[in-house]
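All remarks here apply to the structure that follows.
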Amino acid sequence: MQAWRTDNALPRLIPRLRAAGYDVLVTADHGMNADGHHAGNQPCLRAVPFYSFSEQVHADEKLVLDQGAIAPTILNLIGIDTPESMIVPALVK
């Protein structure tokens, strides 16, 4: 039910946030299989969506991204230096 509410709220919320000058990133922490489970190593469980509503972020819709790029991207957008331990580069232009 919560996923349905989120899906219905985002089309109204994202344009308002963008109009207010915000960058918006939408993602998830894991996928879900056809049985509704989310534990395991199946590709459908490891693949998660990543939507960028920002001129600063380069994420081509056909590109398969490394999840390790999400945290450095967020840090870059909010002006925090990326720790050396984060070896995947940010998606910021």
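The values are calculated or read from the model by the stated rules, or taken from the named source; none is laboratory data. The structure presented is a predicted model; accordingly, all values stated were derived computationally and were not measured. Cβ: placed from backbone, ideal geometry, glycine included. Neighbour counts: every protein chain shown.
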* Structure fact -> Subset of the stretch 22-46, residues aliphatic (A, V, I, L, M) and modelled with pLDDT of 75 or more, comes to V24, L25, V26, A28
* Structure fact -> The number of residues in the stretch 39-93 that are farther than 21 Å from G21 by Cα, under 12 Å from the mean Cα position of the chain (by Cα) and not in a loop (DSSP other than H, G, I, E, B) is 3
* To do: Name every residue in the stretch 57-89 that is more than 18 Å from D29 (Cα to Cα) and touching a helix residue (DSSP H, G or I) at 6+ places or on another chain (Cβ under 8 Å), in order of residue number.
  => V57, D81, T82, I87, P89
* Selected residue (criterion: farthest from T82 (Cα to Cα)) from residues of the stretch 52-67 that are surrounded by 12 or more Cβ atoms within 10 Å (Cβ to Cβ) and modelled with pLDDT of 85 or more -> F53
